[in-house]
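Remarks on the structure that follows.
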Amino acid sequence: MVRPDGLHHLQSADPHNIVRLILPQAATPEARNEQAADTLRRWLDEGVLTADPDPALYVYEQRDGDGMLQRGIIGALRVSEPADGVVLPHEDVMPPVVADRAALMRATRANLEPLLLTYRGNGAAAEVVEETAERPPLLATTTEDGFRHRLWAVTDPADVRRIQSDLAHHQALIADGHHRWATYRRLRAEQPSPSPWDHGLVLLVDTARYPLRVRAIHRLLHRLPVADALAAVSGLFRVRRIDKPLSEALAALADAACAGNAFLFAGDGTFHLVDRPDPDLLARTVPADRPAAWRSLDATVLHATLLDHVWHIPEDSPAHIAYIHDTAATVEKAERDGGTAVLLHPVHEEVVRDLARQGVTMPRKSTSFGPKPASGLVLRALEL
């Protein structure tokens, strides 16, 4: 997602920036979508975007300066029904967002960026990925965030069959792109099959070989000062003050999270480790009709117990709560605005996958998988 303060920068940096397709700017939704469609047609006519001459899958690589390496396969995946158990979502979607994305895809007749899926394989597909990465890439570039990206086309029919045969035996977890997947399903249902809408553009990463980074998404409570937040949980949780730097406070949070639910409150110039919730409180406030793994999630306790029962804060009100990925930024905003930052410890990917296999969705904004694929490297135009 591009922040509003970065959208103008991206638009002005290059007349062919991908944001002109995925985040078009106009007075109405209809005008925005038509503008994106016109831009895509013009770029194809002018050769800014070109269709590859042969059908292909793509090996995609990302590296950063810290030694992180991620490789995966970009291609068109058949859109399946939830009952098929092939693609596993772990978050609910908001219908207005799906409707908005569907209108953009209808207007452009294109999948403008891949969603991110993970699977556990380490088989023939991974071998093709490694073999392909030994060759000169089709494209290599470095983005402003310091990530280096390389892309290869896999056109050899034997290699494509090896990948397809291997992946046919696996389930895929949606790491990022729940709304796009729901959009794919909606658009496929609108069209008589077979049609190009039977497939959608995805990046598949084998996390047995290339584990993704799983990070927490923190909460900023705009209208709740830290003193009031702490007073409300007194007697319900154990509270300990941590007068240490953020890194050491997060380490204390990680240690506490190994033993049970734990949160780090910030916003008053220091940190407060909040853990060991009263079991009777959890029994009264956490829904009992879900698996134990779901009931014990920090995000579940945060939303069902703290937000709903203790603080009475609506989780879907931007005036009351913000969801922020960057830990330091969450603390800084809380200190500047007088609110409370609630920092969480990340959930393991296997916990997310196991719940998804049971058909259980996570609480809203529970996880952030990354790195996400760069937009603009591979698009899928349905009319080509």
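Where a number appears in this text, it was derived from the coordinates with a stated rule and is not lab data. Worth saying up front: this structure is predicted, and the values here are computed from it rather than measured. Cβ: placed from backbone, ideal geometry, glycine included. Neighbour counts: every protein chain shown.
Starting from region 69-154, pick out the GluC sites (Glu not before Pro) whose DSSP state is loop and whose Cβ has at most 10 other Cβ atoms within 10 Å.
On the way: sites: Glu91, Glu127, Glu130, Glu131, Glu134, Glu144; in loops: Glu91, Glu134, Glu144.
Listed in order of number, the matching sites are Glu134, Glu144.
A Cβ-based charge dipole, computed about the Cα centre of the chain with Lys and Arg at +1 and Asp and Glu at -1, lands at about 400 debye. How many nm separate the modelled label positions at Gln171 and His325, each set 7 Å beyond the Cα in the direction of the Cβ? It is 2.6 nm.
Applying 0.36 nm per residue to the separation of Val360 and Glu130 and subtracting their alpha-carbon distance, the gain on full extension is 79.4 nm.
Ranking of Trp181, Trp43 by neighbouring Cβ atoms within 10 Å, starting from the fewest: Trp43, Trp181. Take every DSSP beta bridge whose two residues both sit in region 217-345; close to 95 percent of them are antiparallel. Across the options Leu167, Gln70, Ala51, the greatest Cα extent toward the positive end of the charge dipole of the chain (unit charges at beta carbon of Lys, Arg, Asp, Glu) belongs to Leu167.
Working from label points 7 Å from Cα in the Cα-to-Cβ sense, the Ala293 to Arg240 distance is 2.9 nm. Between region 199-218 and region 78-146, how many Å separate their Cα centres? If you average the Cα positions of each part, the centres end up 9 Å apart. Among residues other than Thr330 with Cβ under 13 Å from its Cβ, the summed charge is +1 (Lys and Arg +1, Asp and Glu -1).
Dipole magnitude for region 217-345: computed about the Cα centre from +1 point charges on Lys and Arg Cβ and -1 point charges on Asp and Glu Cβ, it is near 160 debye.
The mean sequence distance of close C-alpha pairs (under 8 Å, at least 6 residues apart), as a share of the length of region 217-345, puts its relative contact order at 45 percent.
Where Lys and Arg each count +1 and Asp and Glu each count -1, what net charge lies around Ala227 among other residues with Cβ under 15 Å from its Cβ? Walk me through the numbers before you get to the answer.
Working: positive: Arg223, Arg241; negative: Asp228, Asp268, Glu335, Asp337.
So the environment of Ala227 carries a net charge of -2.
Based on alpha-carbon atoms, the Kirkwood radius and the radius of gyration of region 293-384 give Rg/Rh equal to 1.07. If only the Cβ of Lys and Arg carry +1 and only the Cβ of Asp and Glu carry -1, the dipole of region 5-94 around its Cα centre is close to 140 debye.
Considering region 22-106, its Cα convex hull presents a mean projected area of 9.3 nm².
Contact order for the chain, expressed relative to its length and based on alpha carbon pairs under 8 Å spaced 6+ residues apart, stands at 23 percent.
Which values, in whole Å and largest first, are the semi-axes of the equivalent ellipsoid of region 217-345 obtained as the square root of 5 times each eigenvalue of the Cα gyration tensor?
Details: eigenvalues 92, 57, 36 Å².
One finds semi-axes of 21, 17, 13 Å for region 217-345.
The shape of the chain comes out prolate: with a ≥ b ≥ c from the C-alpha gyration tensor, a/c is at least 1.5 and a/b beats b/c.
For Arg42, what charge total do you get from the other residues with a beta carbon under 13 Å from its beta carbon, if Lys and Arg give +1 and Asp and Glu give -1?
On the way: positive: Arg20, Arg41; negative: Glu34, Asp38, Asp45, Glu46.
Combined, the nearby Lys, Arg, Asp and Glu give -2.
Stretching Asp156 away from Asp278 to a fully extended chain increases their span by 37.9 nm, per 0.36 nm per residue minus the current alpha-carbon distance. Averaging 1/r across all pairs of distinct Cα atoms in region 101-243 and inverting the result yields a Kirkwood radius of 19.5 Å.
Computed from backbone phi with θ = phi - 60° and the Karplus coefficients 6.51, -1.76 and 1.60, the 3J(HN,Hα) list for region 324-338 is 10, 7, 7, 5, 4, 5, 4, 5, 4, 5, 5, 5, 6, 9, x Hz; x is used for glycine and proline. What 222 nm value per residue comes from the helices of the chain, counting each DSSP H run with n ≥ 4 as -39,500 (n - 2.57) and dividing by all residues, nearest 500 deg cm²/dmol? Mean residue ellipticity, 222 nm, calculated: -10000 deg cm²/dmol.
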